[in-house]
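K.L.:
My structure is below; once you've seen it, I'll send some questions.
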Amino acid sequence: MKNNIITKIIIGSLLFNGICAQAQKTILEVDVAKTITKIQPTMFGLFFEDINFAADGGLYAEMIKNRSFEFEKPLMGWEQPNTKRSSLNMNSGTATPIKVSENETNPIFCRVLVNDDKGYAIINEGFRGMGVKKGAKYNLSLKAANHNGAIKKIIIQLIDKDKKVIGETSIVPTTNEWEYYSAQFTATQTEAKAKLKITFEGTGTIDLDMISLFPDDTWKNRKNGLRKDLVQLLYDMKPGFLRFPGGCIVEGRTLADRYQWKKSVGDVEDRRTMMNRWNVEFSHKQTPDYFQSFGLGFYEYFQLSEDIGATPLPILSCGMACQYNTGELAPMEELDPYIKDALDLIEFANGSEETTWGILRSDMGHPKPFNLKYIGVGNEQWGPDYIERYKVFEKAIKAKYPDIIIVSGSGPSPDGEHFDFAMQELKSLNAELIDEHYYKSPQWFRENAARYDNYDRKGPKIFAGEYAAQSVSGANPNNRNNWECAFSEAAFMTGLERNAEVVNMTSYAPLMAHEEAWQWTPDMIWFNNLEAYGSANYYVQKLFSTNKGTDLLAITKEGKPLTGQNNLYASVVKDVNTKEVIIKLVNTAATPQEVTVDLKGSKLLSKGTITTLSSPNLQDENTFGDPKKISPTEKKYNFKGDKASVNLPAYSVIVLKLKLK
């Protein structure tokens, strides 16, 4: 009996303590009047790389794959349904690639021989099909040289997956010489897997090239422009910068196939098509039909940056091919062309109309400079070879353009021998902005929220240039954009924001992926031929980017920053323009938590807003079927005095905005 009484007392005591613990609140303190440092406008931005069909087949709205017949297999993407080997139709016609020259940027065209009037066709399959919408207009253009007037009419049709015609127009070729022709037509139904069919009236030979199809409704209604829904998702984030064009795409497997910006500007027709390095990079997702047309080139990147209010950050080759591939090096005595590319790019972006490259920019449609402030030397190279080359670039750039801020790299990992060497060397060189990359587990992100707390405030600034939580492991095809990854990144981002004295730029990577043509996961934005949605990670990034404020404040518990104690993370900023205090709170626990923020040093209005991003299941994620399953909800928030109490749901990211009097 005595033992039973003792047991009951112990159980009752444990229950009481559990209830008290559950009711216990975490008290945080904020001095609203004390600014630690200014938040850089570039604090949260975007990293774009042409991976996962992000450019051709994605952001660049061209719907024809291999429009100029310049793929490694010139007729890749094109079908000839009438030339199957049967006595019935083998003589209807043929399409043959013709190579004019080894030196021209667009040396191949397609010669079509039509033997059977209206009986021969070529069909383009698009990028995993073509997404067309009922009632939408589409603009067709092509180059043709009609031999001896043999072909009387070219009929262009959109066909659905059942070969039914869902849009039609025609062109009458009028000359033996190369001539551009254009037409517009309207789709009669919505179809995700449409194709473009071209048939001919007449018999004889006609040459075709640059066969192109764009939606009329592009971003800012630019002719042959960018896909509107994808740019809108970027614009809505209010990004501080846009880093382009990569990424490993900058380096190339070899130096010969590195990204060369000068080949991506000027007339689109004169931009040489290249194999995309990601087409066979991963055995789990090979895409041998992945090429770069460079229709989305450096001019368009600068223009996009301007459109979405982002500072442009171009990254250039430093004369080192990808060290995961060949690691080919340009000898030090042969670096001049690479350095000249960097100097000429700055002129292209900022030069007057009296300069060589400023004239080209103006001729392309942008007389005013793009106001370039940053340039990156190399992507994620490592070792003494990189440091040796960086020194030469830094000297040359600063000699001609002393105000340009140079971004250097610390390699592909956030720790280890290569990272330690790079950081030591770059610090000794007084590097301005060092790019760090990390693709790690969700747990790593939660455990490293204090990563920058002890970085030297007088040392180089940091650019967290590529990061994303990996649900399985790096480069694993089974990685998911699940909620645990997203809120773990949010926890880490409070640490980035708390250390704004050191961290000046940050960006998630990769930015976007085609549902059927990806190589790498996870990715921030997913799209198919008709739709696009932001992942849970996207909404985390958007919450921070649209609430970055202007001044960093301190938020502490008993004088210490909140970096995961009791599964809580926090950061706070003030926006002097909107006169708001913005508190970011992340609860990574499986249970709700009560937090009270004691705000001192300034009077606050009693009304504000509270935005909540949460989901009960760690594995939850947004999908095409449920694109906003995990998305923010905003409510009005009222409080009295100078203490704001907040209930944090399990697994949640909270943004509390309070108005200053």
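K.L.:
Calculate one ³J(HN,Hα) per residue across the range 496-509 by plugging θ = phi - 60° into the Karplus curve 6.51 cos²θ - 1.76 cosθ + 1.60, and present them in order as whole Hz with x for glycine and proline.
P.N.:
4, 5, 4, 10, 5, 5, 10, 8, 9, 8, 8, 7, 6, 8
K.L.:
Tell me, what is the percent relative contact order of the chain, built from C-alpha pairs under 8 Å that lie six or more residues apart?
P.N.:
16
K.L.:
In debye, nearest 20: dipole of the chain around its Cα centre with unit charges on the Cβ of K, R (+) and D, E (-)?
P.N.:
2740
K.L.:
Further question on the same structure: Excluding I159 itself, what net charge comes from residues whose Cβ is under 15 Å from its Cβ, given Lys and Arg +1 and Asp and Glu -1?
P.N.:
Summing Lys and Arg as +1 and Asp and Glu as -1 gives +1.
K.L.:
Which residue, chosen from T188, V265, N82, occupies the Cα position most advanced towards the positive end of the dipole of the chain, where the dipole is computed from +1 (Lys, Arg) and -1 (Asp, Glu) charges on Cβ about the Cα centre?
P.N.:
The residue sitting farthest along the positive end of the dipole is T188.
K.L.:
Can you give me the C-alpha center-to-center distance between the range 266-337 and the range 184-221, rounded to a whole angstrom?
P.N.:
The distance from the Cα centre of the range 266-337 to that of the range 184-221 comes to 28 Å.
K.L.:
Follow-up. Give me the percent relative contact order of the range 78-215, please, defined on Cα pairs under 8 angstrom at least 6 residues apart.
P.N.:
33
K.L.:
Label-point separation (nm) for W444 and A33, each offset 7 Å from Cα along Cα-to-Cβ?
P.N.:
So the label points at W444 and A33 sit 4.4 nm apart.
K.L.:
Right, next: Shape verdict for the range 286-402, please, from the Cα gyration tensor: rounded (a/c under 1.5), prolate (a/b greater than b/c) or oblate.
P.N.:
Judged from the Cα gyration tensor, the range 286-402 comes out oblate (a/c at least 1.5, b/c at or above a/b).
K.L.:
While we're here: Classify the range 189-288: rounded, prolate or oblate, from the alpha-carbon gyration tensor (a ≥ b ≥ c, eigenvalue square roots; a/c under 1.5 rounded; otherwise prolate if a/b is larger than b/c)?
P.N.:
oblate
K.L.:
Moving to a separate point now. Around D207, with a cut-off of 12 angstrom between Cβ atoms, what is the net charge of the other residues, counting Lys and Arg +1 and Asp and Glu -1?
P.N.:
Net charge in that neighbourhood comes out at -1.
K.L.:
Ratio to report: Rg/Rh of the range 358-414, with Cα atoms as the point set and Rh obtained by the Kirkwood method; give two decimals.
P.N.:
Ratio value, two decimals: 1.11.
K.L.:
HN-Hα J couplings of the range 282-292 from phi, Karplus 6.51/-1.76/1.60, θ = phi - 60°, integer Hz, Gly and Pro as x?
P.N.:
After applying 6.51 cos²θ - 1.76 cosθ + 1.60, I find 10, 5, 6, 7, 7, 9, x, 9, 9, 10, 10 Hz.
K.L.:
Would you kindly derive the ³J(HN,Hα) couplings of the range 404-413 from the backbone phi angles with the Karplus curve 6.51 cos²θ - 1.76 cosθ + 1.60 (θ = phi - 60°), listing them in order in whole Hz, with x for Gly and Pro?
P.N.:
After applying 6.51 cos²θ - 1.76 cosθ + 1.60, I find 6, 8, 9, 9, 10, x, 9, x, x, 10 Hz.
K.L.:
Of the peptides 505-512, 318-325, how do they stack up when ordered by the mean number of other Cβ atoms within 10 Å, highest first?
P.N.:
505-512, 318-325
K.L.:
Let me ask another. So what are the radius of gyration and Dmax for the Cα set of the range 359-517, in Å?
P.N.:
17.7, 51
K.L.:
Just for the chain, what percent of DSSP beta bridges are antiparallel, to the closest 5?
P.N.:
The antiparallel fraction comes to roughly 75 percent.
K.L.:
Near the amide H of F282, under 5 Å away, which other amide H atoms are found, from residues 5 or more places off or on another chain, if H is placed in the peptide plane?
P.N.:
Result for F282 returns nothing.
K.L.:
Of V407, A517, I36, which is farthest on the positive side of the dipole of the chain, counting Cα position, with +1 on Lys and Arg Cβ, -1 on Asp and Glu Cβ, and the Cα centre as origin?
P.N.:
I36
K.L.:
Give me the one-decimal Kirkwood hydrodynamic radius in Å for the chain, with the sum taken over alpha-carbon pairs.
P.N.:
Final number for the Kirkwood radius of the chain is 27.2 Å.
K.L.:
Rank L530, F200, G57 by how far each Cα sits towards the positive end of the charge dipole of the chain (+1 on Lys, Arg Cβ; -1 on Asp, Glu Cβ) and give me just the farthest.
P.N.:
Value computed over the given set: L530.
K.L.:
OK, next. Based on the alpha carbon coordinates of the range 78-215, what radius of gyration and maximum Cα-Cα distance (Dmax) apply, in Å?
P.N.:
Rg and Dmax of the range 78-215, Cα atoms, are 14.9, 43 Å.
K.L.:
Turning to a different aspect of this structure: Dividing the convex hull volume of the Cα atoms of the range 569-636 by its residue count, what figure in Å³ per residue is obtained?
P.N.:
So the per-residue Cα hull volume is 128 Å³.
K.L.:
Follow-up question, since we're still on this one. For Q470, enumerate residues with amide H under 5 Å from its amide H, sequence gap 5+ or separate chain, H modeled in the peptide plane.
P.N.:
K440, S441
K.L.:
Hey, got the dipole for the range 78-215? About the Cα centre, +1 on K and R Cβ, -1 on D and E Cβ, debye to the nearest 20?
P.N.:
600
Where a number appears in this text, it was derived from the coordinates with a stated rule and is not lab data. Here the structure is a predicted model, which means the values were calculated and not measured. No Cβ is skipped: glycine too gets one built from the backbone with ideal geometry, and neighbour counts run over all protein chains shown.
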